[in-house]
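The values are calculated or read from the model by the stated rules, or taken from the named source; none is laboratory data. For clarity, every value in this text was computed on a predicted model and none was experimentally measured. Because the Cβ atoms are built from the backbone with ideal geometry, glycine has one as well, and the counts that use them run over all protein chains shown. Surface areas here come from the heavy atoms of the whole protein model, side chains and all, with no ligands, DNA or RNA. Shrake-Rupley method; radii C 1.70, N 1.55, O 1.52, S 1.80 Å.
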Amino acid sequence: MASAQATPAQASPQAASIQATSAQVTPVQAASIHAASARVAASGGYRYWSFWESDGREWTYATQGPATARPADGDVIGFRFSVSEDSQDSAKPRHAAGSFDAVCGRTPAKDGAKRIAVVIDPGMPADAPDGEQPPALRTACARTGTDATAADALASVAKPLRYNSTALLCAISGYPKTGCGDQVSGREDATGSAASPTAGRTTDDDSGGGPSAGLLVGLAAVLALGAAGVWQARRRRG
């Protein structure tokens, strides 16, 4: 698994194709780009398990995947299932980040082992695939070898796990039953998690339905360069 935690949104073919559009666009092509942007906004996002780390006070979206991150004794890690466009839009686990004592307080330290508090948040009913209901949020204290990864800790307390061919975590304790990083047709079904006062966000923007900031910047650059090309062409004809 790659060292940086990847999200399905980071590989969106729609966003890549729009940002790769030629800079020399006509007004008609510019209108098409606006339409494509609207389609990306309507696409909603992706349904997947995100991986989080705690600094003792706040949740932080992990910079490594669970297969490479190696928590220390006393650390808290979290997994949250939700619908999001990218890491900046992803919902945090709805459990206190500084909860090691509450989760592992009754598990004594042991030589040659470490204790990791694991928070597993299956998300809101609105985030669930059709025909499924998320199980309850739960915590567990994983006691592992000193060199264990976050994935090892999770596997010790929440089997069965399911991964896809690119090592993306698809299911924890069998939830969801099918699918992996599936694209969602719209954000209407995700508003429950976005509006929940306990489902923390990594940004203050709750608008939800629009394209990501990176995509908007790319579109603005394409349109600006296209307008400059049209102006230069008119100047040469004049």
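Looking across region 42-82, the residues that are hydrophobic (A, V, I, L, M, F, W, C) and under 14 Å from Phe100 (Cα atoms) come down to Trp59, Ala72, Val76, Ile77.
So that you can scan it fast, the table gives a plain yes or no per residue for (1) farther than 21 Å from Trp59 by Cβ; (2) crowded, with 18+ Cβ neighbours inside 10 Å; (3) within 22 Å of the chain's Cα centre (by Cα); (4) polar (S, T, N, Q):
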{"site": "Asp130", "(1), (2), (3), (4)": "yes, no, yes, no"}
{"site": "Ala136", "(1), (2), (3), (4)": "no, no, yes, no"}
{"site": "Cys141", "(1), (2), (3), (4)": "no, yes, no, no"}
{"site": "Thr146", "(1), (2), (3), (4)": "yes, no, no, yes"}
{"site": "Thr149", "(1), (2), (3), (4)": "no, yes, yes, yes"}
{"site": "Asp152", "(1), (2), (3), (4)": "no, no, yes, no"}
{"site": "Ala158", "(1), (2), (3), (4)": "no, yes, yes, no"}
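The residue pairs whose first member lies in region 156-183 and is closer than 15 Å to Pro129 by Cβ and of a type in the set (Lys, Arg), whose second member is part of a strand (DSSP E or B) and open to solvent by less than 70 Å² (accessible area, probe 1.4 Å), and whose beta carbons are closer than 7 Å, counting only pairs six or more residues apart or on different chains, are Arg162/Cys170; Arg162/Ala171. Taken over region 82-113, the criterion of being open to solvent by 10 Å² or more (accessible area, probe 1.4 Å) and within 22 Å of Asp147 (Cβ to Cβ) is satisfied by Phe100, Val103, Thr107, Pro108, Ala109, Lys110, Asp111, Gly112, Ala113. The set of residues from region 69-127 being hydroxyl-bearing (Ser, Thr, Tyr) and either under 19 Å from Arg57 (Cβ atoms) or in a strand (DSSP E or B) (or both) comprises Ser82, Ser84, Ser90, Ser99. Pairing each residue of region 120-139 that is among the basic types (Lys, Arg) with any residue that is at pLDDT 95 or above, provided the two are 6+ apart or on different chains, yields C-beta distances under 7 Å for Arg138/Ile120. For region 160-183, a residue qualifies if it is aliphatic (A, V, I, L, M), at pLDDT 90 or above and open to solvent by less than 40 Å² (accessible area, probe 1.4 Å), and the qualifying residues are Leu168, Leu169, Ala171, Ile172.
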